[in-house]
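Here the structure is laid out as structure tokens; the discussion comes afterwards.
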Amino acid sequence: MVIRNSIVTLFFRIVGVGLGYASHLLLANQMSTNAYGTFMYVFAWLSILLLVSQLGTENGLVPSIVRCLDKKNPRRANSYLVTSLFVCAGAALICGALLGLGLKMFYEGSAFLWVTLAVLLPLMSVNTSFLAVFKSLNEIVISRGVSEVLEPVTFILLILGMVFFKVPLSPALAYGLKLVAGLLLTATFAYLLKKRWPFRFQRWPGLYTSGNLLSTSFPLLALSVGHVALGQADSIMIGIMRSPSDVALYAVAAKLASVVGLILYSVNIAGAATISSLYYSGNREVLSKTVQRLSLFLLASVAGISMTLLFSGHILLGLFGAEYVHAYPAFVILLGSYSLAALFGPLHLLLSMTGHQKDAALSMLAALALNVILNLFWIPSRGIEGAALASLIAAMAWNANMLWIAFSKLKINPTWFGILTSRTA
């Protein structure tokens with residue numbers, strides 16, 4: 001069951017990424033570079049604020065509901081469900097309103113965008129909570145299939161409708177279309193949950209579990225926010241210190257380079273349970289060999305994909321528009337940044353699955369701080385290439401730090417190089 005769900009999740013994730021690229025390709029070709037840059041600048045803020053508004057409950061909700069299912073406690077399960085939806089939607093409403101207000105101060109005529117974001121972010125937060133609930137019910141196939149296909153397909157069809165009727169696309173209108181697609185996803189999730197929820201719904205089960213849920217979730221919040229912030233900090237700082245067109249160029253380069261991350265995503269899904277089981281059973285030798293094999297698989301897979309992207313980069317960037325080809329140098333640097341995991345191995349997965357998630361979080365926050373400092377110096381003088389270089393150096397520091405932790409605390413060599421040394425010994 002776990003292997004099947006992992007394969008299906010990866011399949012739908014690949015489909016979702018492909019549809020996401022298609023929607024951004026349409027937007028980039030229908031908008032000016034400045035307009036698309038504004039869209040991506042707002043998207044970077046949305047990604048971070050979504051995690052902040054979730055308060056870590058997308059991770060803490062799963063074990064909480066699972067315990068209720070095991071103990072057949074319907075009132076507590078319903079309370080966890082209502083707590084996650086109401087608390088996260090309320091926090092997202094505040095974050096969305098503040099984001100919209102901040103944009104209205106710097107983006108002329110964005111009153112519609114302000115209102116849209118104030119509604120869109122709570123909707124995204126509710127849908128994220130729905131995904132966590134379906135995960136706790138082990139309904140991964142249905143939830144992933146709906147989220148990775150229904151919403152992006154609806155968004156693409158709405159964009160094509162605007163193109164057909166020759167309606168000019170703006171960032172505000174694009175997020176309005178995203179809001180419509182999100183509403184359809186929310187309605188579908190609500191219908192599916194009504195069919196799949198094992199308990200009878202109560203009109204108002206109360207929020208008495210909010211303290212328990214949040215106390216479980218808060219420790220995971222910093223790790224989630226840090227991970228997303230590390231990926232979005234460059235776009236945000238470029239938007240602050242440079243022009244929206246620079247944000248557009250950098251965002252497209254980063255999105256294409258992140259294709260390499262799909263391999264690491266599949267390794268995280270397939271290897272998480274095995275690594276955790278081997279560690280807690282005390283079988284360090286098998287654990288070391290398993291991680292080394294995963295590292296070798298990463299190296300071979302990422303090398304092939306990276307070389308393909310490296311030689312086809314000009315063509316792929318040109319699909320978004322002729323001006324995006326100028327982002328190729330930044331794309332090459334970012335490709336190196338995303339490929340570092342192949343050299344160091346799946347270190348974040350290893351530390352997270354062996355009880356060292358705090359060390360991984362601290363390493364990530366240190367890398368984020370280094371990234372921000374380097375961006376402050378290099379973005380004004382070097383533009384998007386400076387931001388890409390800052391990302392590369394921060395990724396090197398983060399992985400090197402995690403590798404040192406794996407050596408010092410786990411006493412294993414998690415890299416593919418360990419296979420070579422063991423054979424020559």
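The values are calculated or read from the model by the stated rules, or taken from the named source; none is laboratory data. The structure presented is a predicted model; accordingly, all values stated were derived computationally and were not measured. Don't worry about glycine lacking a Cβ; one is built from the backbone with ideal geometry, like all the others, and counts go over all protein chains shown. Ligands, DNA and RNA are excluded from the accessible area calculation, which covers all protein heavy atoms including side chains. Shrake-Rupley method; radii C 1.70, N 1.55, O 1.52, S 1.80 Å.
Per-residue SASA remark: Val286, around 60 Å² accessible (1.4 Å probe; ligands, DNA and RNA not included). For the stretch 126-137, putting each phi into the Karplus relation 6.51 cos²θ - 1.76 cosθ + 1.60 with θ = phi - 60° gives couplings of 4, 5, 5, 5, 4, 4, 5, 5, 4, 5, 5, 8 Hz, in residue order, rounded to whole numbers and with x for Gly and Pro.
The simple Förster model, with R0 at 45 Å and r as the Cβ-Cβ distance, assigns Phe377 and Glu285 a FRET efficiency of 0.50.
Solvent-accessible surface of the stretch 289-366, taken per residue with a 1.4 Å probe and all protein chains present: 43 Å². Computed with every protein chain present, the accessible area of Ile393 is close to 60 Å² [probe 1.4 Å].
Each residue was assigned an accessible area with a 1.4 Å probe, and for Glu151 the value is about 50 Å².
Excluding same-chain neighbours fewer than eight residues apart, the lysines reachable from Lys178 by a Cα-Cα span under 28 Å are Lys104, Lys135, Lys166, Lys194, Lys195, Lys255. When the accessible area of the stretch 303-424 is computed with all protein chains present and a 1.4 Å probe, what percentage of it is carbon and sulfur? The value for the stretch 303-424 is 74 percent carbon and sulfur by accessible area.
Between amide H atoms placed 1.01 Å from N, distances below 5 Å from Ser339 occur with no residue 5 or more places distant or on a separate chain. Computed in the context of the full set of protein chains, the accessible area of the stretch 76-175 at 1.4 Å probe radius has 76% of its extent on carbon or sulfur. Comparing Cα centroids, the stretch 328-389 and the stretch 147-184 end up 32 angstrom apart. Karplus-based coupling profile of the stretch 167-180, in residue order and whole Hz: 8, x, 8, 10, x, 5, 5, 4, 6, x, 5, 5, 5, 4, with θ = phi - 60° in 6.51 cos²θ - 1.76 cosθ + 1.60 and x standing for Gly or Pro.
Remark: the stretch 365-370, residue by residue, has Karplus-estimated 3J(HN,Hα) of 5, 5, 5, 4, 4, 5 Hz, where x stands for each Gly or Pro and the curve is 6.51 cos²θ - 1.76 cosθ + 1.60 at θ = phi - 60°.
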